[in-house]
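Everything below concerns the one structure shown next.
The values are calculated or read from the model by the stated rules, or taken from the named source; none is laboratory data. From a predicted model like this one, the values you see are computed outputs, not experimental measurements. Reconstructed Cβ throughout: ideal geometry from the backbone, glycine too, with neighbour counts over all protein chains shown.
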Amino acid sequence: MEQIKPKKILIFSLVYYPRFIGGAEVAIKEITDRIPKEEIEFDIIALRKNSIFFILWKFLFPFYAFIKALYLHRKNKYDAIWSMMASYAGFAGFLFKKIYPEIPFILSIQEGENFRKREGMFNFLFRKIFSNADHIQVISKFLSDWSLYMGAKCPITIVPNGVDLDLFSKRDLEKENKLKANFNKKENDIFLITTSRLVVKNAVEDIIDALSYLPENVKSLILGQGYQEEELKEKVENLKLKDRVHFLGFVPHKDMPQYLHISDIFIRPSLSEGFGNSYIEAMAAGIPVIATPVGGIVDFLRDGETGLFCEVQNPRSIVQKIEKLIKDKESRDYIVQNAIKMVKEKYDWNIIANDMKNNVFLKTI
């Protein structure tokens with residue numbers, strides 16, 4: 001009996017483990033780890049490590065990745081290429097497609113920024129990435145609509161990101177008690193938590209402003225790094241909230257669950273969001289979520305059922321939602337149980353990987 005050879009896919013991704021871990025990088029790892037190598041083999045081209053020349057390499061990446069891909073293809077004969085996001089990796093895929101038009105070009109869209117502003121002078125080339133793709137995978141209805149706006153002519157499949165249920169639902173009481181002691185969390189303290197880059201779009205400053213209207217037993221854990229960090233710390237100083245706000249910087253993904261488990265409410269009042277893995281992870285960890293009704297968030301958060309919506313750029317609205325969750329235990333428990341059920345049914349990485357394999361990769365090759 002003749003053995004069937006696995007399909008081979010080459011991935012373009014600007015960054016990857018361990019240099020950077022965001023939603024897109026987690027998606028690549030979780031999906032490729034779960035698809036049997038007997039069915040599909042994956043190679044990846046990404047910037048390898050931190051460097052003072054990273055900004056330069058970022059702009060050179062499409063051309064470097066394109067040349068590297070030509071070399072690898074001659075050796076490995078890929079059945080498809082897969083670009084993670086439309087910018088740098090997408091342009092590398094576009095260049096490769098021009099040389100090998102017969103090889104399917106799969107494009108994943110996970111961007112959560114204000115897209116139209118990002119297009120700039122490269123608008124024409126940016127649109128070419130979409131119009132030359134053979135299959136586009138998006139993580140939300142919002143991004144599906146945007147792909148059509150950008151000129152996509154190929155099939156578009158919505159496959160959201162997922163969550164490692166075992167990682168985020170498993171409790172370690174010993175570690176949790178140590179963390180509570182580190183933060184001196186008292187019995188009546190309420191911890192708000194956000195896990196995000198400290199950038200304007202994630203609106204961490206609105207959380208800090210909201211905190212100033214709440215009682216002193218309400219405190220905040222802020223996990224993440226970004227260009228707004230010093231500005232946010234200065235804001236905390238000016239509002240005299242230093243004893244109530246903890247900036248924890250970078251926390252490895254595997255350690256995030258314990259911080260979620262010692263917290264009471266997850267909040268990220270984003271200005272825009274392609275999907276938002278952090279919300280799904282918080283739901284899996286069993287804490288209620290407050291978010292804004294923007295971008296892909298509306299795909300999984302139903303107000304009053306799987307979370308609460310606050311208004312965009314409105315700290316007073318955030319306060320109202322926090323107070324509701326604190327005072328109304330019945331509603332809080334209802335939201336948490338609904339969210340956990342939804343995550344288990346729709347956002348387990350095993351489900352997502354299988355969907356990607358059957359409805360994107362094998363359907364395109």
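Summary of values
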quantity	calculated
Matching entry among Ser220, Ser270 (being surrounded by 15 or more Cβ atoms within 10 Å (Cβ to Cβ), part of a loop (DSSP other than H, G, I, E, B) and among the hydroxyl-bearing types (Ser, Thr, Tyr))	Ser270
Tally, over segment 98-115, of residues that are at pLDDT 95 or above, surrounded by fewer than 22 Cβ atoms within 10 Å (Cβ to Cβ) and either of a type in the set (Phe, Trp, Tyr) or under 13 Å from Phe12 (Cα atoms) (or both)	1
Among the candidates Val336, Val343, residue that is at negative phi, surrounded by fewer than 22 Cβ atoms within 10 Å (Cβ to Cβ) and β-branched (Val, Ile, Thr)	Val336
Matching residues, segment 279-318, being farther than 17 Å from Ser263 by Cβ and either of a type in the set (D, E, K, R) or assigned to a helix (DSSP H, G or I) (or both)	Gly295, Gly296, Ile297, Val298, Asp299, Arg302, Asp303, Glu305, Glu311, Pro315, Arg316, Ser317
Looking only at segment 134-154, and only at residues there that are touching a helix residue (DSSP H, G or I) at 6+ places or on another chain (Cβ under 8 Å) and free of Cβ contacts under 8 Å to residues at least 24 places away in the same chain, the one that is surrounded by the fewest Cβ atoms within 10 Å (Cβ to Cβ)	Lys153
Meets criteria (out of contact with any Ser or Thr (no Cβ under 7 Å at 6 or more places or on another chain), in contact (Cβ under 8 Å) with a residue 60 or more places away in the chain and either loosely packed, with under 15 Cβ neighbours inside 10 Å or not acidic (Asp, Glu) (or both)) for Arg302	no
Verdict on Lys233 being in a loop (DSSP other than H, G, I, E, B) and touching a strand residue (DSSP E or B) at 6+ places or on another chain (Cβ under 8 Å)	no
Enumeration of residues in segment 116-135 that are at pLDDT 90 or above and in a helix (DSSP H, G or I)	Arg127, Lys128, Ile129, Phe130, Ser131, Asn132
Residues that are closer than 15 Å to Leu221 by Cα, crowded, with 16+ Cβ neighbours inside 10 Å and either within 19 Å of the chain's Cα centre (by Cα) or not assigned by TED's automatic domain parsing to the domain that holds Lys170 (or both), drawn from segment 232-257	Met256, Pro257
